[in-house]
Amino acid sequence: MANAMLHQTVGTLQLHGSSGIHFQGGNNSVRLVPKGFKVEVGFCKRGICSSGEKKFSIIQASASQTSVFDPVLSPSNNGTHESLKKSNEAALILIRHGESLWNEKNLFTGCVDVPLTKKGVEEAIEAGKRISNIPVDMIFTSALIRAQMTAMLAMTQHRRKKVPIIMHNENEQARVWSQIHSEDTIKQSIPVIAAWQLNERMYGELQGLNKQETADRFGKEKVHEWRRSYDIPPPNGESLEMCAERAVAYFKDEIEPQLLSGKNVMIAAHGNSLRSIIMYLDKLTSQEVISLELSTGIPMLYIFKEGKFIRRGSPIAPTEAGVYAYTRKLARYRQKLDEMLH
Ligand SMILES: O=C(O)[C@@H](CO)OP(=O)(O)O
């Protein structure tokens, strides 16, 4: 939590609905409070202090909107309105979890909460290496351990070495008890939001069944229809369309606003919740999505620019030159990391 003490009037504070609170003085405008935080105005002791100082407490408005300031990305941004507009570009990384113990056994998993295998752990670490030079300001995962393990393991490889911290907003006490009371520490953290809406599609009566045995019993075509069609649900489970209703809605409501405000986001989720999100990002038809297959532990990069998602594929390695040619912002981020770490 930060306290800013204003000693004399040198400008004004302005509230911008979409991009936070700005200090305007002369020709300069500096964003004081990131989007998602709010200012509480209090007074020193009983009312106004002898010096006339007022106390502004900057507090987190809600954890689903938690925001952190990254010195690697921010200091040279000059804080002007122009740069705020230009910062309206962000990286989006999607990653399907690494291999789970039920992937290994070829069982329908859905919403059953199964951890990673050793191979899955290695896949997550390898994925982390591939994206270790790409900025990550916020992480969204499903509520399931295999996606959360993947996100955390991937971040152990990131060169920026920020600490991913799971936000606990299940009730007010959880929120208060998990508060961080050092602004420096907050700056070195990445908020991780776990959301059930990003969970794997609920596989109904197929959960726990062997995929091969199910195909032998019900026929290959029927099982393929259950697994890959857009609108045919497995018995008492969710179709991809039903999964999209919650996953894409969550993406639009909670994740897109973060990208719009310039935050770089990583999403660790599942084969089908990500298929539905990719269908939205790439504007795939219900026919095209049938053949969309995602491998475990492979990161996929998108650039969000001027309201559009530009698919950039999977970075092969952290040094892949092409990745940094995508945007000047990514190149600058990597360059700053190189300078900081050498
Ligand atoms: O079992 C599951 O939950 C999913 C992903 O592993 O299976 P499918 O390959 O049918 O999407």
ask   = Within the stretch 178-197, can one find any residue that is touching a strand residue (DSSP E or B) at 6+ places or on another chain (Cβ under 6 Å), in contact (Cβ under 8 Å) with a residue 40 or more places away in the chain and under 14 Å from Ile95 (Cβ atoms)?
value = yes
query = Can you tell me which of Glu126, Glu221 is part of a helix (DSSP H, G or I) and within 19 Å of Ser314 (Cβ to Cβ)?
reply = Glu126
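To keep it simple, each residue is scored yes or no on (1) part of a strand (DSSP E or B); (2) of a type in the set (Ser, Thr, Tyr); (3) within 16 Å of the ligand (Cβ to nearest atom).
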site: Asp184; (1), (2), (3): no, no, no
site: Val192; (1), (2), (3): yes, no, no
site: Thr214; (1), (2), (3): no, yes, yes
site: Asp231; (1), (2), (3): no, no, yes
site: Asn236; (1), (2), (3): no, no, yes
site: Gly262; (1), (2), (3): no, no, no
site: Met266; (1), (2), (3): yes, no, no
site: Leu274; (1), (2), (3): no, no, yes
request  = Of the numbered conditions (1) within 26 Å of Ile145 (Cα to Cα); (2) β-branched (Val, Ile, Thr); (3) surrounded by 14 or more Cβ atoms within 10 Å (Cβ to Cβ); (4) in contact with a helix residue (DSSP H, G or I) (Cβ under 8 Å, 6 or more places away or on another chain), Ile290 fails exactly one; give the number of that condition.
outcome  = (1)
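For (1) within 14 Å of the ligand (Cβ to nearest atom); (2) under 17 Å from the mean Cα position of the chain (by Cα); (3) at pLDDT 95 or above; (4) surrounded by 21 or more Cβ atoms within 10 Å (Cβ to Cβ), each residue gets a yes or a no:
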site: Phe218; (1), (2), (3), (4): yes, no, yes, no
site: His224; (1), (2), (3), (4): yes, no, yes, no
site: Ala249; (1), (2), (3), (4): no, yes, yes, no
site: His270; (1), (2), (3), (4): yes, yes, yes, yes
site: Ser286; (1), (2), (3), (4): no, no, yes, no
site: Gly297; (1), (2), (3), (4): yes, yes, yes, yes
message = Pairs needed: first member in the stretch 112-138, farther than 14 Å from Met152 by Cβ and touching a residue at least 60 places away in the same chain (Cβ under 8 Å); second member anywhere, charged (D, E, K, R) and in a helix (DSSP H, G or I); C-beta distance under 6 Å; at least 6 residues apart or different chains.
response = Asn133/Arg334
request  = Quick one: in the stretch 194-212, of everything that is assigned to a helix (DSSP H, G or I) and surrounded by 21 or more Cβ atoms within 10 Å (Cβ to Cβ), which residue is farthest from the ligand (Cβ to nearest atom)?
outcome  = Leu198
note = The lone condition Arg159 fails out of (1) buried (at least 20 other Cβ atoms within 10 Å of the Cβ); (2) in contact with a Leu (Cβ under 7 Å, 6 or more places away or on another chain) is (1)
ask   = Which of the residues that make up the stretch 88-109 are charged (D, E, K, R) and in contact with a Phe, Trp or Tyr (Cβ under 9 Å, 6 or more places away or on another chain)?
value = Glu89
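The values are calculated or read from the model by the stated rules, or taken from the named source; none is laboratory data. Note that the coordinates shown come from a computational prediction; the quantities given were computed from them, not determined experimentally. Counting neighbours? That spans all protein chains shown, and the Cβs are built from the backbone with ideal geometry, glycine included.
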